[in-house]
1. Mind checking whether some residue in the stretch 26-42 is part of a loop (DSSP other than H, G, I, E, B), buried (at least 21 other Cβ atoms within 10 Å of the Cβ) and not aromatic (Phe, Trp, Tyr)?
2. Output the residues belonging to the stretch 74-109 that are out of contact with any Gly (no Cβ under 9 Å at 6 or more places or on another chain) and among the charged types (D, E, K, R).
3. Residue check, Ile95 against (1) touching a helix residue (DSSP H, G or I) at 6+ places or on another chain (Cβ under 8 Å); (2) surrounded by fewer than 19 Cβ atoms within 10 Å (Cβ to Cβ), all met but one. Which one?
Amino acid sequence: MDSERGGAEARLLIVDDDPGITDVLRAYGEPWGWTIAAAASLVQALEQIAAHAPNVIILDWQLSDSTGLASLHTLRQHTAAPILMLTVRDQEADIIRALQVGADDYVVKPFSPGQVLARCGALRRRDRNHPETLTPDTVQVHDLRIDTTRRQVWQGSRLLDLTALEWDALRLLASTPGRVWTRSELLDRIWGDVGEVFERAVDMEILRLRRKLGDSAEAPRYIDTVRGVGYRWRAEPRIPPGL
């Protein structure tokens with residue numbers, strides 16, 4: 001199989017309630033080496049993610065049980081797989097917001113099936129080229145073992161007791177070592193559309209997460225504060241004195 005296309009073990013999930021969209025993408029994708037699953041709702045998408053751990057997801061904006069940014073936020077709580085939005089919404093504000101909240105690419109309908117599948121292949125290759133990017137399996141990041149299926153984090157033999165928000169913050173930061181996240185971006189990705197939340201909430205969440213990691217702002221092992229901007233996961237862990 002041509003590695004520029006799907007590649008070995010390339011699993012694609014199409015989340016769209018229009019069977020015509022699924023049929024045309026399946027017709028193009030399967031000869032390219034994609035194993036394709038379909039979901040017509042967000043609930044079905046979560047079931048497919050749990051059962052098959054897709055490598056790439058194509059997501060429509062309007063579903064029967066969810067819409068756009070809410071769908072993205074929910075999917076990002078369950079998978080780190082690249083997500084390509086495929087939608088009729090062509091307003092720049094929608095595109096920017098989707099990319100900020102969790103989409104990796106954005107294509108407006110009507111579309112070229114070949115181009116969409118080529119973009120999925122590019123997302124797949126990019127994801128495979130970043131081994132520290134979290135997958136639905138257990139991943140070692142520094143001295144932490146992160147199990148995205150069970151939403152658990154182990155530090156050595158100790159299971160960390162994290163809240164849902166602490167888990168989301170750790171998972172996002174640890175999956176992008178060295179990448180600086182602004183407070184505004186963290187609000188978008190972690191809190192999503194849940195009403196009025198202030199950037200101070202990000203600082204408090206990071207403070208609580210640091211405490212549970214045994215980390216500190218003064219000599220961080222895991223999370224650096226970028227003054228006036230936000231936070232980043234250290235590309236290399238700081239080794240405490242005496243270790």
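No lab work stands behind these numbers, since they all come straight from the coordinates. Small disclaimer: the values here were computed from a predicted structure and weren't measured. Every residue, glycine as well, gets a Cβ built from its backbone with ideal geometry; the counts of neighbours run over all protein chains shown.
1. No, the stretch 26-42 has no match at all.
2. Listed by number, the residues that qualify are Asp90, Glu92, Asp104, Asp105, Lys109.
3. (1)
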